[in-house]
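First up is the structure itself, then whatever we jot down about it.
Laboratory data are not the source of any read-out in this text; all were calculated from the coordinates shown. As the structure is a prediction and not an experimental result, all values here were calculated from the model. As a convention, Cβ positions derive from the backbone with ideal geometry for all residues, glycine included, and neighbour counts pool all protein chains shown.
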Amino acid sequence: MNSGKEAILVTGACGQLGTELVGELRKIYGEGQVLATDMKPSENQVFDSGPFQTLNVLDKKGLQEIVERFRPTQIYHLAAILSAAAERNPTLAWDVNIAGFMNVLDVAKSAPSKVYKVYAPSSIAVFGPHTPRRDTPQHTITDPTTVYGITKLVGERLSDYYFAQYQLDVRSIRYPGLISYKTPPGGGTTDYAVEIFHKVLTDRKYVSFLGPDTPLPMMYMPDALRGTLELMEAPAEKLTIRSSYNMAAMCFTPHELAEEIKRQFGEFEMGYSPDFRQHIADSWPASLDDTQARLDWGWLPRFGLKEMVADMLKNIRLPARV
Ligand code: SER
């Protein structure tokens, strides 16, 4: 399959990030060069533009077969169980986030055709209650209290280890909450910042599962996509972090987001009914120091709160594209 060109394998392709990243990767590398995989096929027409195959990342043999046949030069490993979903099923989260990742690392390391780069996201969830909350440094205390955070921290250590021991070029970003309009997030603590837009448009009211004054780092999807691709394009020798990079764009509370939407969209009813996700959010940073990402590979966000809200409103008002 890989005819001397780049060939990209994406796991977890049907998720919030994967759906958009597959589209971007196909624009860059060619439609046939990006194999999208996920547990189940997606109805999303994005996947019609190129190859798609079902793959459970826990099926190491299945993964091996795909790698032998497709011969990817890069793997984007996006399959994961997010924070709130992981709290509901810690065993599944451990299996998918750790064993699934180990499968990818092992298969990549020993692939007969060379896998040159692996991308494996981490999260702000690696931080915990003893981490400095404001401008959280790149290197600091990491004492996650969620099973998701624990698995992502193990993932960071594994990335660093496979790079040091086997020279596997693993790259990673600690994503903040990702905000997008194309595909909903699946089971995260930051999902309120996406849900709110849809509810405001349909019901003119929203009840947040996080309290009004809960600051969290967030990023608009176009920034996340560009940042990810820029990191993957950066020369290996420029990269000083092989665990995972802090990457920041904006920080706001549910109240601040609601106020900005009111300013741009008009009045709506905002309520608060914090649930178990409040406890998760309270253990995470409010903002990140991403100096290292800026220095090493020139990271610079383009969307702040105002620009993100304007673009979200503009796009989700458009009739759904079928
Ligand atoms: N958005 C993710 C979550 O809330 C954080 O990585 O789980």
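Can you classify the range 99-195 as rounded, prolate or oblate using the Cα gyration tensor, where a ≥ b ≥ c are the square roots of its eigenvalues, rounded means a/c under 1.5, and otherwise it's prolate if a/b beats b/c and oblate if not?
Numbers: a/c = 2.34, a/b = 1.45, b/c = 1.62.
In terms of gyration-tensor shape, oblate.
What are the trypsin sites (Lys or Arg not before Pro) within the range 117-191 that DSSP puts in a loop, where the Cβ has at most 13 other Cβ atoms within 10 Å?
Values: sites: K117, R133, R134, K152, R157, R171, R174, K182; in loops: R133, R134, K182.
Listed in order of number, the matching sites are R134.
Please work out whether the range 8-119 counts as rounded, prolate or oblate from its C-alpha gyration tensor, where a ≥ b ≥ c are the square roots of the eigenvalues and a/c under 1.5 means rounded, while otherwise a/b larger than b/c means prolate and anything else oblate? Don't skip to the answer; put the middle values down first.
Details: a/c = 1.93, a/b = 1.18, b/c = 1.64.
Judged from the Cα gyration tensor, the range 8-119 comes out oblate (a/c at least 1.5, b/c at or above a/b).
From the backbone phi of the range 81-95, what are the Karplus-calculated ³J(HN,Hα) couplings (6.51 cos²θ - 1.76 cosθ + 1.60, θ = phi - 60°) in whole Hz, Gly and Pro given as x?
In residue order, the calculated couplings are 9, 7, 4, 5, 5, 5, 5, 7, 8, x, 5, 4, 4, 4, 4 Hz.
Using bins 20 angstrom wide from zero, how does P(r) for the chain break down, in % of all Cα pairs?
For the chain, the binned pair fractions read 33, 59, 8 percent.
What are the residues whose amide H is under 5 Å from the amide H of L288, where those residues sit 5 or more places off or on another chain and H is modelled from the backbone?
Residues meeting the amide H criterion: D135, T136.
In whole Hz, what ³J(HN,Hα) sequence does the range 63-71 give by Karplus (6.51, -1.76, 1.60; θ = phi - 60°), x for Gly and Pro?
Listing the rounded values in order: 5, 4, 4, 4, 5, 5, 7, 7, 6 Hz.
Could you run the Karplus curve 6.51 cos²θ - 1.76 cosθ + 1.60 with θ = phi - 60° over the range 138-144 and give me ³J(HN,Hα) per residue in whole Hz, x for Gly and Pro?
4, 10, 7, 5, 10, 10, x
Take the alpha carbon atoms of the range 1-70, find their center, do the same for the range 258-273, and report the distance between the two centers in whole angstrom.
Each part's Cα centre sits 38 Å from the other's.
Under a Cβ-only charge scheme (Lys and Arg +1, Asp and Glu -1), can you give me the dipole magnitude of the chain about the Cα centre, in debye to the nearest 20? Walk me through the numbers before you get to the answer.
Numbers: 34 positive and 38 negative charges, 107 e Å.
Here the size comes out at about 520 debye.
Name the trypsin sites (Lys or Arg not before Pro) in the range 216-322 that are in a loop by DSSP and that have at most 14 other C-beta atoms within 10 Å, would you?
Those that pass, being in a loop and sparsely packed, are R302, R317, R321.
Taking Cα centroids, how far is the range 182-238 from the range 96-148 in Å?
19 Å
Given the -39500 (n - 2.57) contribution per DSSP H run of 4+ residues, what per-residue ellipticity at 222 nm results for the chain, rounded to the nearest 500 deg cm²/dmol?
Values: 12 runs with 130 residues, N = 322.
Helix contribution divided over all residues of the chain: -12000 deg cm²/dmol.
Per residue, how big is the convex hull around the C-alpha atoms of the range 167-273? Give it to me in cubic angstrom, could you?
Each residue corresponds to 119 Å³ of Cα convex hull volume.
Looking at the range 1-89, which GluC sites (Glu not before Pro) are DSSP coil and have at most 13 other C-beta atoms within 10 Å of their C-beta?
Working: sites: E6, E20, E24, E31, E43, E65, E68, E87; in loops: E6, E43.
Taking the range 1-89 and a limit of 13 other Cβ atoms within 10 Å, the loop GluC sites (Glu not before Pro) found are E43.
Report, by chain and number, residues whose modeled amide H sits under 5 Å from the one on S122, excluding near sequence neighbours (fewer than 5 apart, same chain).
Those qualifying (amide H under 5 Å, at least 5 residues apart or on another chain) are I173, R174, Y175.
Taking the DSSP beta bridges in the chain as the whole, what percent of them are antiparallel, to the nearest 5?
On the way: 3 of 30 bridges.
Percentage antiparallel, nearest 5: 10.
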